[in-house]
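J.: Below is one structure. I have some questions about it.
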């Protein structure tokens, strides 16, 4: 073959290879862009938002391996996430185990909507504690002493608002028993308490938490114990609740342990998400578990086995089960 013809053929071949490589690159980008999942969390001052951010960070770090991009959205919390995942506005969410149970069964707040039997669990995140914080000068030392006080009952759609409503029904209360019942967002609570706008703020969240540190640092405030016969009956009748203890010494001015009601923060999706996508999401977290534990103080004591071995309120997604079996985290009977 003449040299000029060889050079021309070689140039054509190289152009085709470059074009092919470009098309492959475009295809990969398009695939990655089409594999965007949105994770509903909670308010900026709670733990759900940084928890979702930690999950998405690990997923996005391995995007080149699975083509999935994870996006975090701040929301109203548990109930809001469950409603929006059901409506298709979110792909994934974090919610309290009690409200996941009610959404799946179509009970309590979800009675009118009916059962959402498409819900699927991925893994537990951490224990959550029903947390009441009162001004030190309020005189409040127990739940029944909230009568006649200024209480932030919480934003609509939040897990703490819904759980407070459950407790109030046990006592046959409604908001009229308070001198004021405010519906402040989580980010507004601490300043409202310290500025004497309210006597009590309420959260359901993991500890240690930045919000609790803030309020106990900025003004004299105390964690309030939740005990008594109504609570015992509630736990006895509902497997998704358990007795919990907020350790003493986590926050300024709160040396003693505080008994309260506990649930589990649960990472969830629906059966519509593909097995491969869920497998990759779960693998990204569990294959980088030490890094995950370092991303927030509430993750420091997480245990892989405990995150997958508990009794979930809803079925576990097949994609998650696949990873747990392959990794040996799930022991078949």
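The values are calculated or read from the model by the stated rules, or taken from the named source; none is laboratory data. These numbers were taken from a predicted model, which means no experiment stands behind them. Reconstructed Cβ throughout: ideal geometry from the backbone, glycine too, with neighbour counts over all protein chains shown.
J.: Which condition number does residue 248 fail, the rest of (1) in contact with a helix residue (DSSP H, G or I) (Cβ under 6 Å, 6 or more places away or on another chain); (2) more than 14 Å from residue 136 (Cα to Cα); (3) outside any helix (DSSP H, G or I) being met?
T.: (1)
Let's see how each residue does on (1) closer than 18 Å to residue 63 by Cα; (2) modelled with pLDDT of 95 or more; (3) in a helix (DSSP H, G or I); (4) in the same structural domain as residue 107 (by TED's automatic domain parsing):
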| residue | (1), (2), (3), (4) |
| --- | --- |
| 277 | yes, yes, yes, yes |
| 283 | yes, yes, yes, yes |
| 292 | yes, yes, yes, yes |
| 305 | no, no, yes, yes |
| 322 | no, yes, yes, yes |
| 332 | no, no, no, no |
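J.: For segment 130-149, which positions are assigned to a loop (DSSP other than H, G, I, E, B) and touching a strand residue (DSSP E or B) at 6+ places or on another chain (Cβ under 8 Å)? Please lay out each step first, then the result.
T.: To start, the set of residues in segment 130-149 that are assigned to a loop (DSSP other than H, G, I, E, B) comprises 139-141, 147-149.
Answer for segment 130-149, where residues must be assigned to a loop (DSSP other than H, G, I, E, B) and touching a strand residue (DSSP E or B) at 6+ places or on another chain (Cβ under 8 Å): 140, 141, 149.
Each row is one residue, and each column tells you yes or no for (1) outside the structural domain of residue 100 (by TED's automatic domain parsing); (2) without any contact (Cβ under 8 Å) to a residue 40 or more places away in the chain; (3) under 27 Å from residue 49 (Cβ atoms).
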| site | (1), (2), (3) |
| --- | --- |
| 142 | yes, no, no |
| 154 | yes, no, yes |
| 157 | yes, no, yes |
| 164 | yes, yes, yes |
| 168 | yes, yes, yes |
| 177 | yes, yes, no |
| 191 | yes, yes, yes |
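J.: Which one is nearest to residue 118 (Cα to Cα), of the residues in segment 40-61 that are modelled with pLDDT under 95 and part of a loop (DSSP other than H, G, I, E, B)?
T.: The qualifying residue nearest to residue 118 (Cα to Cα) is 42.
J.: For residue 127, only one of the following conditions fails: (1) outside any helix (DSSP H, G or I); (2) surrounded by fewer than 21 Cβ atoms within 10 Å (Cβ to Cβ); (3) modelled with pLDDT of 95 or more. What is its number?
T.: Unmet condition: (3).
J.: Another one. In a helix (DSSP H, G or I) and free of Cβ contacts under 8 Å to residues at least 40 places away in the same chain: does that describe residue 326?
T.: yes
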